[in-house]
Amino acid sequence: MIKKISVLALAAMAVAAQAADWSDTSVGYRYASQQSEPGVTDKVSKNILNVTHVSGDSKGMNLFTIDLLRSGSKDPAASGPSGAQEWYGFYKRSFSMQGMTGKPVTLGGLAKDLNLNLRIDAGSKNTAFAPAPFKTRVGLSAAMPVSAGFWDLGVDIYNEKNHNGIVGKDVTFDTTLALTSAWAIPMGSGTFGGFFDIVGPKGKDGFGASTKTETLVRATYMIDVGAPKSGWKAGVGVEYWSNKFGCDNSASGVKNSCKATSPLLLVEYHL
């Protein structure tokens, strides 16, 4: 775990070292009442703290984000009945083709830029399963020609290593493809934002079962609250997760433990 935290720390320092033309850092909280966990019978509530930094320079963009999660008692820690604690984060560096070449990219009006994306994910959780994911992703994305905000659509080559504490071994999954998208578009008095991540089958898991295509979608609507330009935002959202972590929901011994739709409550402060 220390090694993975160190990798993310180095990534964060790389973000800070960039000569950014613009940047935004936020601290947020969200509450999810109906999440699933593979092998857990009941839906799990989670309190989630988040720190996100995004910045841009002449060559592209940096994104660093980390979640600190606390589960309800339905998802206990390995050491006792209290809810499990978890952290998960990633660093992503995007290189803009337009920024690198100095020439406009239009693709016949289908996009307004192309990006080369490099991403590192890591995390850890203190359950009996003791997952410790470490992922690398390399891919291309297109910036869709929306009139305000942004909408990116891309594909990544996806590699993952993890740990299975139940059987006591590390697992290296097969390389697969991931389809990804992220957006934030002004709508009415707020912003419609979110992402989806669709990861293809990645071979056998630590139990020897075949993994399935994993789908994660989060959509939110956030508005400014308080005084103008106070930095505070609040909103609602929904999260859909199917075949979570590649677990086959249809074959799971615990019904619907790999699939859930959860409402979200969110608040953010932008520094």
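Each reported figure results from applying straightforward, stated rules to the coordinates on display, with no laboratory input. Since the structure is predicted, the reported quantities are computational estimates derived from the model, not experimental observations. FYI the Cβ positions are ideal-geometry reconstructions off the backbone, even for glycines, and counts take in every protein chain you see.
Would you please give the FRET efficiency between Thr106 and Ile223, computed as 1/(1 + (r/R0)^6) with r the Cβ-Cβ distance and R0 = 30 Å, to the nearest 0.05?
For Thr106 and Ile223, the calculated efficiency is 0.35.
I need the calculated FRET efficiency for the pair Ala78 and Ser33, taking r as the beta carbon distance and R₀ as 35 Å, to the nearest 0.05.
Step by step, r from the Cβ atoms, then E = 0.90.
On a full-extension model of 0.36 nm per residue, what is the gain between Ala148 and Phe196, subtracting their alpha-carbon distance, rounded to one decimal in nm?
Value of the extension gain: 15.3 nm.
What nm value, rounded to one decimal, do you get for the distance between Leu271 and Ser189 when each label is placed 7 Å out toward the C-beta?
Distance between the two pseudo-spin positions: 3.0 nm.
What is the Cα centroid distance between the stretch 59-74 and the stretch 156-219, reported in whole angstrom?
Taking the Cα centre of each part, the stretch 59-74 and the stretch 156-219 sit 14 Å apart.
Please give the peptides 208-214, 237-243 ranked by average Cβ packing (other Cβ atoms within 10 Å per residue), highest first, as a rough proxy for protection.
237-243, 208-214
Semi-axes of the equivalent ellipsoid for the chain, please: Cα gyration tensor eigenvalues, times 5, square-rooted, ordered largest first, whole Å.
Value: 31, 23, 18 Å, ordered largest first.
Of the candidates Val146, Val217, Val171, which one comes out as most mobile in a Gaussian network treatment of the chain with C-alpha springs shorter than 10 Å?
Val146
Using Cα-Cα distances under 8 Å and only pairs 6 or more residues apart, what relative contact order does the stretch 2-270 have, in percent? Show your work: numbers first, answer last.
Details: 740 pairs, mean separation 41.2, N = 269.
Reported relative contact order: 15 percent.
Taking the 0 to 90 degree range and rounding to the nearest ten, how far is the long axis of helix 2-17 tilted relative to the main principal axis of the chain, both from C-alpha atoms?
10 degrees
Using θ = phi - 60° and the Karplus curve 6.51 cos²θ - 1.76 cosθ + 1.60, what whole-Hz ³J(HN,Hα) does each residue of the stretch 47-59 get, with Gly and Pro shown as x?
So the Karplus estimates, Gly and Pro as x, are 9, 10, 9, 9, 10, 10, 10, 10, 8, x, 9, 5, 9 Hz.
Only Cα pairs within less than 10 Å get springs; with that Gaussian network setup on the chain, which residue of Ser79, Ser45, Ser71 has the largest fluctuation?
It is Ser79.
Give me the one-decimal nm value for the distance between modelled label points at Gln98 and Thr25, 7 Å along each residue's Cα-to-Cβ direction.
Here the answer is 2.8 nm between the modelled labels.
Read phi for every residue in the stretch 91-98 and hand back ³J(HN,Hα) as whole Hz from Karplus 6.51 cos²θ - 1.76 cosθ + 1.60, θ = phi - 60°, with x for Gly and Pro.
10, 10, 10, 10, 10, 7, 5, 5
Through the Karplus equation 6.51 cos²θ - 1.76 cosθ + 1.60, θ set to phi - 60°, convert the phi angles of the stretch 156-164 into ³J(HN,Hα) values in whole Hz; use x for Gly and Pro.
Whole-Hz 3J(HN,Hα) from phi for the stretch 156-164: 10, 8, 10, 10, 9, 10, 8, 10, 10.
Check which residues have an amide H placed less than 5 Å from Gly165's amide H, if you skip close sequence neighbours.
Ala130
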